[in-house]
Every structure is written in C-alpha cells, then in structure tokens.
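This report refers to the structure that appears directly beneath it.
The values are calculated or read from the model by the stated rules, or taken from the named source; none is laboratory data. What you see is a predicted model, and the numbers here were worked out from it, not measured in a lab. Cβ atoms come from the backbone with ideal geometry, glycine included; neighbour counts cover every protein chain shown. Areas reflect the complete protein model, heavy atoms only, side chains present, ligands, DNA and RNA absent. Shrake-Rupley method; radii C 1.70, N 1.55, O 1.52, S 1.80 Å.
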Amino acid sequence: MNMLDVVFSHSYYYKFDPKQWKNKTPYPPLGTLYAASFLRENGYKVGLFDTNLLDNPQSIKPFLETHKPKIFVIYDDGFNYLTKMCLTTMREAAFKMIEIAKKLNCTVIVCSSDATDHYEKYIGSGADFVIKGEGEITIKELIDAKMSNTDVSNIKGICFLKDDEFVMTPSRSVVKNLDEFTLPAWDLVDMDAYKTIWKQGGNTFTLNIATTRGCPYKCNWCAKPIYGNRYNSHSPEYIVKHIEYLVKTYQVSRFWMCDDIFGLKPNWVQEFNLELKKKNIKIKYFIQSRVDLLLKEDTIDVLAESGLEEVWVGAESASQKILDAMDKGTKVEEIYQATRLLKEKNIKVAFFLQFGYLTENQNDIQKTIQMVKELLPDNIGISVSYPLPGTQFYEKVKDDLKLKANWKDSDDLDMMFQGTYSSNYYRKLQRFVHKEYRKSQGIHNLKQLFHSKPSVMKLKSIVKLGYYIPSSFVDNLKLKALSTFQNSKL
C-alpha cells in the first residue's frame, strides 16, 4: 500500500462548467503542482487527486482510503482565472470533499481564492485551516507544525477556529525570488488523459506555464486574492529550463502562458527570446497582455520572433468613459493600434470584452460592437461585469448582492447588481455580438475571395452568412425592444 503524508487536490471540475468542458482544452492544476513539488522537496510523501477531468467529488473517497494521508489539502490553481471566479458548483464540490476527508480523519487545509474570501464558509463546512494568499511556504510550516503536534498560532497567513472564534494570523510576505521554487510536480498528472481530451476536441495539445505572479495594475473589478497587487517574475533561464523539460518529457511544443500580464518586466521578453535561441528550442505560445504594454519599444517584434501565436488583450470596451470608470489605464486608440500591429506580424489577437459596467448606456455598447466589426479580432470572449470580494467594484455594488453573489458556472452571466439592463438583455447581447462578429468575418472573407485562395475555414465563414445575417437582424430587433422596454421603466 502506498501510504502518503499529504494528498493534494483542488475544486475545479471542468465537467461541472459546461462551457469550458465543451472547449475540450483542460489544463493541469499548475498552482497545485507547485505546492506539491515544494512539499515533496521538503521530505514529505505527496500524492495528487486531480479533479479536472472527473465528474463526482465522491471519487475522492477510495483514493483517500487507499493512501491514508494524515493531511488532505484542497489547493486550487491560482493561475487559472476560472478558479478566481469562485463558482458555486466548485464550492459545493469542495465542501463535499472536505466532508469525506474529515470522516476519514484527515486534517483538512484549503488554499483558494474562494476560501480566502469566504474562510468562514469553508471552516463552517469542516475545514481545519484556510490559507490566505500565496500558499507554498505557509502550507509547509503548517504541516510541519501538525506533524510535530506543535502550536500553529504563530504561523502567518492562516485562519482557523479556536474556542468558537475565528483566528486570523498576520499576512505573510510574498515570495519575491520565484526561482526558489522547484519545477511543478508534473509527474503526478495523468498527462495521457489530458492529451486524449485535447485530441477529441481537434486541438493541438498545450500545457500551461506561469512566468510571473501577480499584477500591479489596478482595474477596479479585478480580484487578486492569491498573488495580490504585486509583480514578481521568474528569470527567463528558469522558464526556458521549464519549457525544455516539458518538451522532452511530454513532447509538447505549444504553451499557454497563464500570467495575468506576460512580459511586463523591462527586457524580459528580449532575454526570453535569446534563451530560446541559445537552447535551439522552437515553440508556439499564447499570452494575456495589455494593449499599452504591447506598444512599448520592440515588444511585438520580439514576441513574434520567439513564437507568439496569439495574444488575448483586455480590451473590455470601446468607450473611453467605461475604461476610465474601470480604472483600466488604457486608451481606446491603443486597442486599435496594438491590434493592427499584431496583425501585421501575423500574430492572432483576441479580445476580452465586458458589458454591463456601471453607467454603461447604448452609446457605449454600440461603440464596442463597432470596434469588433472594424478590427475583426481572431476571437472574442464576452462577459458581464462580475463583482468579486476585495475589489472597489464590489464595494460599489455589494448592497445589491442580496440574492446571489457568485455565478454557478462561467457561462452564468447573471447581472448580480442593479445595472442599466437586465440579465436577460445581456445574455441576448452576448449572443448578438458573437453573431455580428461572425457576420463581419464572413463578409470580410467574401470580399477577399477574388484576391487570394481562401482556406476551408474562411469558406465556411462565408457559407454561414446565410445563418448569421438573418439571425443577427432578428436578435437586433429583440434587443432594441428590450432596451426600449427597460428604459421606459427607469
């Protein structure tokens, strides 16, 4: 029997999030793997119960019965934006896992965005400790104390119940030299299972890497419960060593750099490019970034040279009024400029768009739709403003969050505060903008038909005009009727 000191798990189940499961692009729980690796380096026998591809929290029971760990840790992947959304389906799964582990006499520790924000709910459901913020050092100290049966009250960054009172110890300083962490414990992952899912979706297998922790920008709707308002970076040498290991071990050559902001540190991207050349490693990768950052010096040129395939930018809105209200710190013209420069370098550009922010009106909405039709990004992701604890935006609307404060899954799109329009309006708007986008793509490809030989994908987009033109026309009529009706009630 392979007995373990500590079993790590996490509370994100792709199958409980239909939109994400449909994509067939799951990523291993990178943050969890870093924590497991750190504990293993410090002499503990660790195991991983990876919930990503499973469909039932009950399946943790036989795993724990087999390995009999003293400690069970739910350690969510803080690099995955889906965990930051604190979805209720995942919270319920976490509570079920806590219940099972407690019945098997495990000490239960939780480290996640949701637990950081709602520690009382997790401890109320049976967890012994909640780690607040970055977890590796804290969890080692906490497990050291539990294994030696010593006092935990001097350990920074934890919350627990003592004499029916919540005890919150002082916050822990963040780790600044990220290269101190050994590579994640990738060997604990069933990589073939991930490869199978990617293949089923017809996608090139891709792994996730974080080159940094945190984000120094202050968009007032963005929550940072784990890594905070800091920005610390691995060295380019560490990251290329990490890539080299993954290329050789798992035959992967495409990567999702899951940083909040990739390549912010001056000259980091340039040094990264040189390291890849030195090792003669050729990869494709995609990132998240900001339009103002992309416009600095030769950033786009170097990104293209190092293998950048696609960049997701937080465009959010084409209304400067809304960007300023969000404290975004970017200009609409920068979205236009960066998009055109990226396209010139044959780098795909995708937009994160956000509707429903406070004070938004029809003029703001139409500007954003027009920008999408003009710039024709390669992809778009649409959401409505979602208030998360710890943000200025949350503080502005928290009095409205009586009935519901979290989405069920990432496609929920409920308006949980009193915005300009209803949830029904914004759900229809999301579908309409996607149709207008596809319609504009098809018309563009139709115009190009006589200038160059079209790809199969472009021909399909032209054929689909037969659906998108009438469908978007009907949706537009419905939206106008809804907005007129809702405006009349104001």
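At-a-glance table
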quantity	calculated
In segment 76-126, residue nearest to the chain's Cα centre (by Cα) [restricted to those that are farther than 22 Å from residue 146 by Cβ and β-branched (Val, Ile, Thr)]	83
Top-ranked residue in segment 369-392 [being more than 26 Å from residue 479 (Cα to Cα) and either aliphatic (A, V, I, L, M) or out of contact with any helix residue (DSSP H, G or I) (no Cβ under 9 Å at 6 or more places or on another chain) (or both); ranked as modelled with the highest pLDDT]	392
Contacts under 7 angstrom Cβ, first residue in segment 231-251 being free of Cβ contacts under 8 Å to residues at least 40 places away in the same chain and farther than 19 Å from residue 273 by Cα, partner surrounded by fewer than 16 Cβ atoms within 10 Å (Cβ to Cβ) and not polar (S, T, N, Q), 6 or more apart	231/216
Within segment 158-174, tally of residues that are in a loop (DSSP other than H, G, I, E, B) and either more than 16 Å from residue 130 (Cβ to Cβ) or out of contact with any strand residue (DSSP E or B) (no Cβ under 6 Å at 6 or more places or on another chain) (or both)	7
Segment 266-293, residues that are surrounded by fewer than 17 Cβ atoms within 10 Å (Cβ to Cβ) and touching a strand residue (DSSP E or B) at 6+ places or on another chain (Cβ under 6 Å)	284
Residue within segment 112-128 that is of a type in the set (Gly, Ala, Ser), surrounded by fewer than 23 Cβ atoms within 10 Å (Cβ to Cβ), part of a loop (DSSP other than H, G, I, E, B) and at pLDDT 95 or above present	yes
Matching residues in segment 129-142 - criterion: being in a helix (DSSP H, G or I) and open to solvent by less than 10 Å² (accessible area, probe 1.4 Å)	136, 138, 139, 142
Qualifying residue in segment 329-342 (condition: open to solvent by 60 Å² or more (accessible area, probe 1.4 Å), touching a helix residue (DSSP H, G or I) at 6+ places or on another chain (Cβ under 6 Å), among the basic types (Lys, Arg) and outside any helix (DSSP H, G or I))	no
Any chance residue 181 is under 22 Å from residue 9 (Cβ atoms), surrounded by fewer than 19 Cβ atoms within 10 Å (Cβ to Cβ) and among the hydrophobic types (A, V, I, L, M, F, W, C)	yes
Any hit, segment 408-425, residues being part of a helix (DSSP H, G or I), surrounded by 19 or more Cβ atoms within 10 Å (Cβ to Cβ) and touching a Leu at 6+ places or on another chain (Cβ under 6 Å)	yes
Every residue from segment 145-166 that is within 32 Å of the chain's Cα centre (by Cα), of a type outside the set (Val, Ile, Thr) and open to solvent by less than 50 Å² (accessible area, probe 1.4 Å)	157, 159, 160
Qualifying residue in segment 19-40 (condition: of a type in the set (Val, Ile, Thr), in a helix (DSSP H, G or I), over 30 Å from residue 431 (Cα atoms) and touching a helix residue (DSSP H, G or I) at 6+ places or on another chain (Cβ under 8 Å))	no
Selection status of residue 435, modelled with pLDDT under 90, open to solvent by 10 Å² or more (accessible area, probe 1.4 Å) and assigned to a helix (DSSP H, G or I)	no
Residue in segment 436-451 that is within 30 Å of residue 220 (Cβ to Cβ), touching a helix residue (DSSP H, G or I) at 6+ places or on another chain (Cβ under 6 Å) and not charged (D, E, K, R) present	yes
Looking only at segment 361-398, and only at residues there that are open to solvent by less than 10 Å² (accessible area, probe 1.4 Å) and assigned to a loop (DSSP other than H, G, I, E, B), the one that is nearest to residue 222 (Cα to Cα)	391
Selected residue (criterion: surrounded by the fewest Cβ atoms within 10 Å (Cβ to Cβ)) from residues of segment 57-106 that are part of a helix (DSSP H, G or I) and of a type in the set (Lys, Arg)	103
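So that you can scan it fast, the table gives a plain yes or no per residue for (1) at pLDDT below 95; (2) under 18 Å from residue 281 (Cα atoms); (3) part of a helix (DSSP H, G or I):
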| residue | (1), (2), (3) |
| --- | --- |
| 183 | no, no, no |
| 215 | yes, no, no |
| 230 | yes, no, no |
| 241 | no, yes, yes |
